Amino acid sequence: MITTFKKGEEHVATLIEVTNFTHADSAVSPWSYELTSDVHNVSVMVAAASKTLKVNPTWLRFVVESGDFTACVADEIVAWYLIQELTRSG
């Protein structure tokens with residue numbers, strides 16, 4: 001596997017930065033991330049004042065190298081916002 005943990009983390013850090021910039025006017029708190037083996041692949045943890053994208057670093061290397069970062073990681077945040085929108089309007 002050519003992709004390093006650092007390269008995978010750079011992808012996640014950029015994703016979080018862009019998300020926080022894009023949703024800066026949102027009423028919800030900014031996103032952070034955590035690389036952890038406590039999850040099998042990716043998970044969203046929401047607390048009263050924070051949202052954390054938890055990503056397994058070994059799995060992250062795999063999805064970055066295979067070109068599936070957007071579908072496997074970035075779309076988790078997109079899905080979170082879609083669910084929030086649906087639950088507000090429903």
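The values are calculated or read from the model by the stated rules, or taken from the named source; none is laboratory data. A quick note: this is a predicted structure, and the numbers were derived from the prediction, not measured. No Cβ is skipped: glycine too gets one built from the backbone with ideal geometry, and neighbour counts run over all protein chains shown.
A few notes on this one:
- Every listed requirement among (1) part of a helix (DSSP H, G or I); (2) at pLDDT 90 or above is met by R88 save one, (2).
- Taking the criterion of being at pLDDT 95 or above and among the hydroxyl-bearing types (S, T, Y), no residue of the stretch 53-62 qualifies.
- Failed item in (1) of a type outside the set (D, E); (2) in contact (Cβ under 8 Å) with a residue 40 or more places away in the chain; (3) closer than 28 Å to R88 by Cβ, with V18 passing the rest: (2)
- Counting the residues of the stretch 52-90 that are among the β-branched types (V, I, T) and surrounded by 15 or more Cβ atoms within 10 Å (Cβ to Cβ) gives 6.
- Residue list for the stretch 32-62, filter: assigned to a helix (DSSP H, G or I) and without any contact (Cβ under 8 Å) to a residue 24 or more places away in the chain: T58, W59
- Within the stretch 6-31, the set of residues being of a type in the set (A, V, I, L, M) and assigned to a loop (DSSP other than H, G, I, E, B) comprises A24, A27, V28.
- For the stretch 4-51, taking the residues that are charged (D, E, K, R) and within 22 Å of S66 (Cα to Cα), the one that is surrounded by the most Cβ atoms within 10 Å (Cβ to Cβ) is identified as E9.
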